[in-house]
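Just so it is clear, none of the values below were taken in a lab; they were calculated from the coordinates. Treat the numbers as computed from the prediction; the structure is a model and nothing was measured. Cβ placement follows ideal geometry from the backbone for every residue including glycine, while neighbour counts extend to all protein chains displayed.
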Amino acid sequence: MSCNRTQLCGRIETLGALRFSPAGVALVEFTIAHRSVQTEAGVPRKVNYVLHAIAAGDMAQQVAQLSKKCTVKATGFLAQADRANAAMVLHVQNIELIE
């Protein structure tokens, strides 16, 4: 199964320092806080969450230049944080500033 696409809008809450993997790939970890009202079963529902994200390569360089508290639309795929941690992480493949 190959369908794994996620897009969300939110505010950058935390922004780690740009670092490099042992293979020399640029990486940056950050979190995106989302708040909205969604309709579920015909009823409005407040939705608030903070999602952990990571960007690699050229995307990491782009994300590292953003500032905390800016609002973005991030698109990518979800993956398990690592073998020992089942938490989900958004691997950002595209990010754009929104007003």
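Stretched out straight at 0.36 nm per residue, the stretch from residue 21 to residue 40 would grow longer than its current Cα-Cα span by 2.7 nm. Helices in the chain, meaning DSSP H runs of at least 4 residues, each add -39500 (n - 2.57). Divided by all residues, the mean residue ellipticity at 222 nm is -2000 deg cm²/dmol. Between the labelled values (1) 0.92; (2) 1.57; (3) 1.00, the entry that holds Rg/Rh (Cα atoms, Kirkwood Rh) as derived from this structure is (3).
Between residue 86 and residue 14, the contour length at 0.36 nm per residue exceeds the alpha carbon distance by 23.9 nm.
If you count, for each residue, the other Cβ atoms within 10 Å and average over each peptide, how do 39-52, 84-97 line up from highest to lowest? Numbers along the way, then the final one.
Numbers: 39-52: 9.9, 84-97: 13.6.
Packing order, densest peptide first, comes out as 84-97, 39-52.
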